[in-house]
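Report on the structure given below.
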Amino acid sequence: MTPLARRTIRRASGFLASRTMTAEPFARMNRLAAAAPLMAAALALAGCAASEPPMTTLAPKSDLAQWIYDLMVEVTAWDALIFLIVVVAFTLAVFFFSTRVGEAAPPSSVASDLALEAAWTIGPALVVLMISIPTVRTIFRSQPPVPPAGSLEVKVIAHQWWWEFHYAGSGIATANELHIPVGRPIRLALQSADVIHSFWVPQLGGKRDVVPGQINELTLAARVAGTYVGQCAEFCGLSHANMRLRVIVESPEQFALWAKLQQAAPTALSAANAAASDGARIFANSPCTTCHRIDGVSKGALAPDLTHFASRTTLAAGILPNTPESVARWIANPGAVKPGAQMPPLGLGANQVSDLAAYLESLK
Ligand code: CUA
């Protein structure tokens, strides 16, 4: 063993021995280890159900999300390099350039070392530059001043607590589920009806704030078909966490088919479906018509358009699966599902609620 190695080991063991290890930190670590499975279970329960697609920025599925992901990788690589340099410098300083026990410290020359001062000014400036150049480049790339040629333009209106979508030029209006074709650029014009929200579908791109009194834009082209889950990302009141959305990316043919169905009148009621016919009468004579629009039935504009309600996979801003049971549960007491929801309970009987659910579920 070389004298240098011996000295290094002696110093390291002295350093560790100088740290007093009492029984208390070990006991705390044991308690933490015992609680780990419980904490893992709690985290799993607190997260989404297993059937929910993941909300992750680590599996980008659009050009915008890919640029942001690449930027993250690039900055992380620079950070890792800097971390490595700092660790090496720190190790050298502790083990090789420090004063030994009993030795007098050498006189400091730092105050007059111009080269050192220049180095620790220029070094951090270079780090900031290395990180800011790709960041600024990505910001400009993600916000083209004019929509790319052939863009699909959609007006997005954020409400407490749901999302409204209007497709420019086609008259299509829907809520909480945005259908887009794969490969085609999408230009979202984001507006708010009340407070500040934030549009965020992690696999399709970064957050964009939705601010009252102005239009913010988001441009992206999805690269892979699928269903991507999103969430309002700016605290906007009691049910902020219940303000979810889905983006359904489909082939151009599937999208065209969906658009055609959305533009058509709602499906005619089948005479055989007595519950739905009763539900239609209940709807037409209820206060529902003040807020909800159903083509040919009502003109409300304060709440989601229900013309093709049954074509959506979820309701109540993505909280519940679109089943007759969920619809009945929602109508019976919206506030119990989405605290603070502006839709009031209508005080209907159980039969009326289930008829209304049958009617809504017939609106394909
Ligand atoms: Cu809308 Cu949070």
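The values are calculated or read from the model by the stated rules, or taken from the named source; none is laboratory data. Since this is a predicted model, take the numbers as computed values, not measurements. Ideal geometry is used to build each Cβ from the backbone, glycine not excepted, and the neighbour counts take in all protein chains shown.
A few points about this structure:
- Those residues of the stretch 198-211 which are at pLDDT 95 or above and either within 12 Å of the ligand (Cβ to nearest atom) or not assigned by TED's automatic domain parsing to the domain that holds L245 (or both), in sequence order: S198, F199, W200, D209, V210, V211
- Inspection of the stretch 252-267 finds no residue satisfying the criterion of being in a loop (DSSP other than H, G, I, E, B) and either modelled with pLDDT of 90 or more or within 16 Å of the ligand (Cβ to nearest atom) (or both).
- Residues considered: S98, S170, S151, S132. Of these, the only one that is touching a Pro at 6+ places or on another chain (Cβ under 7 Å), hydroxyl-bearing (S, T, Y) and surrounded by 10 or more Cβ atoms within 10 Å (Cβ to Cβ) is S151.
- Residue in the stretch 341-353 that is at pLDDT 90 or above, within 28 Å of the chain's Cα centre (by Cα), surrounded by 19 or more Cβ atoms within 10 Å (Cβ to Cβ) and within 27 Å of Q203 (Cα to Cα) present: no
- Of all the numbered requirements in (1) over 28 Å from Q342 (Cα atoms); (2) surrounded by fewer than 19 Cβ atoms within 10 Å (Cβ to Cβ), V249 misses one, and that requirement is (2).
Let's see how each residue does on (1) touching a residue at least 40 places away in the same chain (Cβ under 8 Å); (2) within 16 Å of the ligand (Cβ to nearest atom); (3) under 14 Å from A259 (Cα atoms):
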position: E153; (1), (2), (3): no, no, yes
position: I157; (1), (2), (3): no, yes, no
position: W163; (1), (2), (3): yes, yes, no
position: H166; (1), (2), (3): no, no, yes
position: S170; (1), (2), (3): yes, no, yes
position: G183; (1), (2), (3): yes, no, no
position: R187; (1), (2), (3): yes, no, no
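- Complete set of residues in the stretch 205-224 that are in a strand (DSSP E or B) and either of a type in the set (V, I, T) or surrounded by fewer than 16 Cβ atoms within 10 Å (Cβ to Cβ) (or both): V210, E217, T219
- Selection from the stretch 268-300 of residues that are part of a loop (DSSP other than H, G, I, E, B) and acidic (D, E): D295
- Filter pass, S51 being within 30 Å of R244 (Cβ to Cβ), at pLDDT below 90 and polar (S, T, N, Q): yes
- Every pair of residues 6+ apart whose Cβ atoms lie under 9 Å, when the first sits in the stretch 223-238 and is without any contact (Cβ under 8 Å) to a residue 40 or more places away in the chain while the second is of a type in the set (K, R) and part of a loop (DSSP other than H, G, I, E, B): A233/K207; E234/K207
- Sole residue being in contact with a Leu (Cβ under 8 Å, 6 or more places away or on another chain) and not assigned by TED's automatic domain parsing to the domain that holds I294, chosen from V156, V146: V156
- Qualifying positions in the stretch 225-238 - surrounded by fewer than 17 Cβ atoms within 10 Å (Cβ to Cβ) and within 16 Å of the ligand (Cβ to nearest atom): F235, G237, L238
- Any hit, the stretch 102-123, residues being touching a residue at least 12 places away in the same chain (Cβ under 8 Å) and within 47 Å of the chain's Cα centre (by Cα): no
- Restricting the stretch 172-181 to residues that are within 16 Å of the ligand (Cβ to nearest atom) and at negative phi, the residue that is modelled with the highest pLDDT: L178
- Index of the failed condition, I331 passing every other in (1) more than 28 Å from the chain's Cα centre (by Cα); (2) of a type outside the set (S, T, N, Q); (3) within 12 Å of L356 (Cβ to Cβ): (1)
- For the stretch 239-251, a residue qualifies if it is free of Cβ contacts under 8 Å to residues at least 40 places away in the same chain and more than 16 Å from the ligand (Cβ to nearest atom), but none of them does.
- All conditions but one from (1) within 25 Å of T57 (Cα to Cα); (2) within 16 Å of the ligand (Cβ to nearest atom) apply to V195; the one that does not is (1).
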